[in-house]
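Here is the structure we will look at, set down as structure tokens.
The values are calculated or read from the model by the stated rules, or taken from the named source; none is laboratory data. Here the structure is a predicted model, which is why all the values come from computation and not from measurement. Reconstructed Cβ throughout: ideal geometry from the backbone, glycine too, with neighbour counts over all protein chains shown. The accessibility values were calculated without ligands, DNA or RNA, using every heavy atom of the protein model including side chains. Shrake-Rupley method; radii C 1.70, N 1.55, O 1.52, S 1.80 Å.
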Amino acid sequence: ANASARRAVARDDDARGFERASMTDLTATIAARVEAHLVLPLLEFAGAKGTYDAKDVLKAKLDVLNKTNMCDFAADVHKEVNGGEPTAEMKAKRAAAIEAHGTLSAAAAKAVKFASDVVAVNQLSRDKTFNVKFAKENHGIEAEDVEALFKFAKFQYECGDYVAAAAHLGVVQLLSTDAARCESALWGRYAADILTRNWQGALDDMNRLRDAIESNTSTSALAKMKQRAWLLHASLFVFFNHLNGRNLIMDVMFQEKYVQAVQQEAPSLMRYLAVAVVTNKKRKSMLKDLVKIIQSDTYRDPVLDFVLALFVEFDFSKAQDSLKACDALLDGDFFLVGCKSAFLESARSYVIESYCKVNKRVSIAGLAERLGMSAEEVESWIANLIRANKLNAKIDSEAGYVLMHTDVKSVNEQIIEKTKALMSKTKSLTQAVLANTQAQAY
């Protein structure tokens with residue numbers, strides 16, 4: 001009885017631990033909205049960070065692997081979780097996968113040979129009619145060969161051969177006249193490009209998918225909104241790995257259709273938009289738009305709490321508390337851990353700038369204590385803000401104070417500032433339209 005009670009208490013403790021972690025950890029939320037293979041990197045990260053119990057992470061990984069044809073990988077994880085050899089069911093699945101590989105490979109042999117011919121593939125264009133005729137007349141490729149290539153590429157992806165799958169799915173997109181097949185191939189290639197860390201290729205795929213979603217006249221408005229939400233979840237890999245990713249997420253998520261998709265289907269994605277805005281010093285004008293979106297929704301987490309506390313409530317104590325919570329949150333977020341330092345640095349800069357602007361006389365020591373920084377660091381940051389013309393102030397180092405000067409902007413300066421913001425938004429919209437136009441797949 002005592003042993004049963006202890007096990008019950010342990011289960012309750014595990015459940016509470018999971019609940020505490022899931023309050024800020026979005027692994028499960030994102031995993032529910034991305035393809036199974038994309039979940040594996042998230043679980044690897046969660047395991048390495050100790051976000052959840054190591055055994056639970058391994059079990060989750062095994063559940064994901066059992067949905068794929070990566071049988072050997074699944075067998076290795078099974079051994080870690082349960083010990084011993086793979087089950088009879090796992091062995092049978094592996095034998096079936098080997099047999100299926102042979103069958104599908106043979107059926108797609110002609111198309112695979114064509115796809116491997118770099119010279120031939122480079123002669124294909126966006127004109128499907130030309131492509132079909134060229135492939136048939138010069139290489140004997142029929143519609144059934146293209147279909148066989150699609151099935152083989154899909155199987156390769158399921159087996160974890162992402163490089164080959166991406167290449168073959170790209171050829172399917174160029175040769176198939178079936179719109180549904182082309183869209184399916186594009187989603188598959190997108191995932192494969194992400195998993196091979198081909199970020200430019202993945203960005204091109206993302207733009208093609210955005211165009212495909214909007215141009216599909218047979219899909220209902222509700223279905224399109226859900227597709228946008230699915231695309232945004234997968235696109236987090238691109239947004240936080242591509243060199244221009246944090247600009248891209250702003251270009252996409254500030255569009256009205258995607259704002260609706262986030263608010264209705266995926267409010268937790270606001271965390272990622274907020275981090276991108278706060279860390280982007282060249283597009284500070286987007287902060288106002290960010291605040292409006294956050295205020296129009298009820299979802300909250302430490303990042304969003306920080307934005308509201310600082311830019312709406314001017315509650316510096318609350319902002320600092322939220323910032324401390326952000327430190328741990330970003331460190332445990334697969335997508336945001338890489339920009340943790342940039343976020344904290346930019347956030348502290350905003351705190352110092354805002355605090356100085358609402359106080360005529362600021363104690364450097366007091367502000368340093370509030371921010372958990374040294375007085376020297378705070379003084380250096382304030383000096384940098386003054387040099388960058390972000391603060392109209394004077395530092396009295398001997399007294400240890402910052403003295404603010406009244407700075408009332410003229411009508412002309414206000415007009416110029418608003419015009420700059422409009423120009424920034426227009427430029428972003430133009431770039432997004434051009435990216436979609438240039439990346440049309442078919």
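Details
- 0 to 90° range, to nearest 10: angle between helix 162-175 axis and the chain longest Cα axis: 70
- Against the rule of thumb 2.2 N^0.38 Å, how large the Cα Rg of segment 162-287 comes out: 1.09
- Alpha-carbon Debye profile of segment 233-311, log10 I(q)/I(0) at 0.14, 0.24 Å⁻¹: -0.40, -1.25
- Between segment 220-277 and segment 96-122, the Cα center-to-center distance that results, in Å: 35
- Between Lys282 and Ala95, the FRET efficiency estimated from the beta carbon spacing at R0 = 41 angstrom works out to 0.15.
- Considering segment 92-209, its Cα convex hull presents a mean projected area of 7.1 nm².
- In this structure the amide hydrogen of Ala393, modeled in the peptide plane, comes within under 5 Å of the amide hydrogens of His405, none closer than 5 places in sequence on its chain.
- Summed over the residues of the chain and divided among them, the accessible surface reaches 51 Å² per residue at a probe radius of 1.4 Å.
- Distant-in-sequence amide contacts of Tyr401, defined by a placed amide H-H separation under 5 Å and a gap of 5 or more residues or a different chain, comprise Ile364, Asp396.
- For segment 27-153, the pair-distance distribution built from all alpha carbon pairs, in bins 5 Å wide starting at 0, is 2, 9, 15, 14, 11, 10, 11, 11, 8, 6, 2, 0 percent.
- When the GluC sites (Glu not before Pro) in segment 258-352 are filtered for DSSP coil states and for at most 12 other beta-carbon atoms within 10 Å of their beta-carbon, the remaining sites are Glu313.
- Quarter of the Cα convex hull surface for segment 24-75, i.e. its orientation-mean projected area (nm²): 3.5
- Ligands, DNA and RNA left out, the 1.4 Å accessible surface of segment 128-283 is 51% carbon and sulfur atoms.
- In order along segment 248-256, the phi-based Karplus estimate (6.51 cos²θ - 1.76 cosθ + 1.60, θ = phi - 60°) of 3J(HN,Hα) comes to 5, 5, 5, 4, 7, 6, 7, 6, 3 Hz; Gly and Pro are listed as x.
- Kirkwood Rh in Å, taken over all unlike Cα pairs in segment 158-211: 10.9
- Phi-based couplings in Hz for segment 221-238 (Karplus 6.51, -1.76, 1.60; Gly and Pro marked x): 4, 5, 5, 5, 4, 5, 5, 4, 5, 4, 5, 4, 4, 5, 6, 4, 4, 6
- As a ratio to 2.2 N^0.38 Å, the alpha-carbon radius of gyration for segment 89-144 is 1.54.
- Table column - 3J(HN,Hα) (Hz), segment 298-304, Karplus curve with 6.51, -1.76, 1.60, x for Gly and Pro: 9, 5, 9, 8, x, 5, 5
- Inter-label distance for Asn392 and Ala179, nm, one decimal - labels placed 7 Å from Cα along Cα-to-Cβ: 5.8
- Alpha-carbon Debye profile of the chain, log10 I(q)/I(0) at 0.10, 0.12, 0.14 Å⁻¹: -0.86, -1.10, -1.31
- Under the simplified labelling scheme, the Phe130-Ala328 pair shows an inter-label distance of 6.0 nm, with each label point 7 Å from Cα along Cα→Cβ.
- Our analysis of segment 304-420 gives Rg over Rh at 1.01, with the two radii drawn from alpha carbon positions and Rh computed by the Kirkwood formula.
- Chain lengthening between Thr217 and Glu144 when straightened (0.36 nm per residue, less Cα-Cα): 23.6 nm
- Rounded to the nearest 10 degrees, the inclination of helix 71-82 to the longest alpha-carbon principal axis of the chain is 60 degrees.
- Computed from Cα atoms, the angle from the helix 270-279 axis to the main principal axis of the chain rounds to 60 degrees.
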